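First up is the structure itself, then whatever we jot down about it.
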Amino acid sequence: MASFDSADELSWMKASQRASSTKARDRIHDGAARTAGQKLCDLALSNVVWPQGAIVSGFWPYRTEIDVMPLLKRLQENGVTLCLPVVMDMDEPLVFRQWAPGDETVSGKWDIPVPCESAAEVTPSILLVPMLAYDRRGYRLGYGGGFYDRTLEKLRAAGPITAVGVAYHGQGVGAVVRGINDQPLDAVLTEQEYFTPKQA
């Protein structure tokens, strides 16, 4: 991991990579969005083990994120319990409420749909994690809020959890700018491949 002279330098480097990665994802999305979601679904169902009794946290695609809804629908059909993340406070871990495709939602932070407050709160065993960029060592670049890093730290302290980063294949980079608090992924899933990172 690269060292930084200050927190400001790390923040600047992340912001720079975040800006370039957002532009790159937007370009990829324009050309691939129509078919990528179904390709990702097919690959995930044939390559990822979804244990019986698993609770899987998906995410509602935001802006130009790859569409995971085809996969979530198939998982539901296969009897997997699904949930979605909910932002409760800007400095707190996410909470997860049970949800299935077709269930009613309400507008959450940044107008992202989330399950209703009446939905049961659950603890997922598998997290599908959105991202702006990823590298082969399993580190991701998010939007800068730290929600998934805080959440993974909390969940990993409590028991087994599998974090699967989900993105377009073209969002891969040589190395993600990261700090000491950034949580690694257990796997990465794109419309072209599924791999377990080699961390060093």
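Here are the numbers:
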{"quantity": "Check on Val188, in a loop (DSSP other than H, G, I, E, B), modelled with pLDDT of 95 or more and crowded, with 21+ Cβ neighbours inside 10 Å", "calculated": "no"}
{"quantity": "Selection status of Asp30, among the acidic types (Asp, Glu), under 23 Å from Leu75 (Cα atoms) and open to solvent by 70 Å² or more (accessible area, probe 1.4 Å)", "calculated": "no"}
{"quantity": "Val129 being open to solvent by 10 Å² or more (accessible area, probe 1.4 Å), of a type in the set (Val, Ile, Thr), closer than 28 Å to Asn47 by Cα and touching a strand residue (DSSP E or B) at 6+ places or on another chain (Cβ under 8 Å)", "calculated": "no"}
{"quantity": "Residues being touching a strand residue (DSSP E or B) at 6+ places or on another chain (Cβ under 8 Å) and hydroxyl-bearing (Ser, Thr, Tyr) - total across the stretch 31-61", "calculated": "1"}
{"quantity": "Qualifying residues in the stretch 35-79 (those that are among the acidic types (Asp, Glu) and surrounded by 16 or more Cβ atoms within 10 Å (Cβ to Cβ)) - the one nearest to the chain's Cα centre (by Cα)", "calculated": "Glu65"}
{"quantity": "Counted residues, the stretch 165-181 - those being surrounded by 14 or more Cβ atoms within 10 Å (Cβ to Cβ) and not in a helix (DSSP H, G or I)", "calculated": "10"}
{"quantity": "Test: residue in the stretch 154-161 that is part of a helix (DSSP H, G or I), in contact (Cβ under 8 Å) with a residue 60 or more places away in the chain and open to solvent by 60 Å² or more (accessible area, probe 1.4 Å)", "calculated": "yes"}
{"quantity": "Residues located in the stretch 17-27, provided they are among the polar types (S, T, N, Q) and either crowded, with 18+ Cβ neighbours inside 10 Å or touching a residue at least 12 places away in the same chain (Cβ under 8 Å) (or both)", "calculated": "Gln17, Ser21, Thr22"}
{"quantity": "Boolean, Val122 is on the phi < 0 side of the Ramachandran plot and in contact with a Leu (Cβ under 9 Å, 6 or more places away or on another chain)", "calculated": "no"}
{"quantity": "Failed criterion for Val177 (all others in (1) in contact (Cβ under 8 Å) with a residue 12 or more places away in the chain; (2) within 17 Å of Leu94 (Cβ to Cβ) hold)", "calculated": "(2)"}
{"quantity": "Filtered residues of the stretch 80-126 (kept if surrounded by fewer than 18 Cβ atoms within 10 Å (Cβ to Cβ), charged (D, E, K, R) and not in a loop (DSSP other than H, G, I, E, B))", "calculated": "Lys109, Asp111, Glu121"}
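The values are calculated or read from the model by the stated rules, or taken from the named source; none is laboratory data. It should be emphasised that the depicted structure is a prediction, and the values quoted were computed from it without experimental measurement. Because the Cβ atoms are built from the backbone with ideal geometry, glycine has one as well, and the counts that use them run over all protein chains shown. The area values use the complete protein model at the heavy-atom level, side chains included, leaving out ligands, DNA and RNA. Shrake-Rupley method; radii C 1.70, N 1.55, O 1.52, S 1.80 Å.
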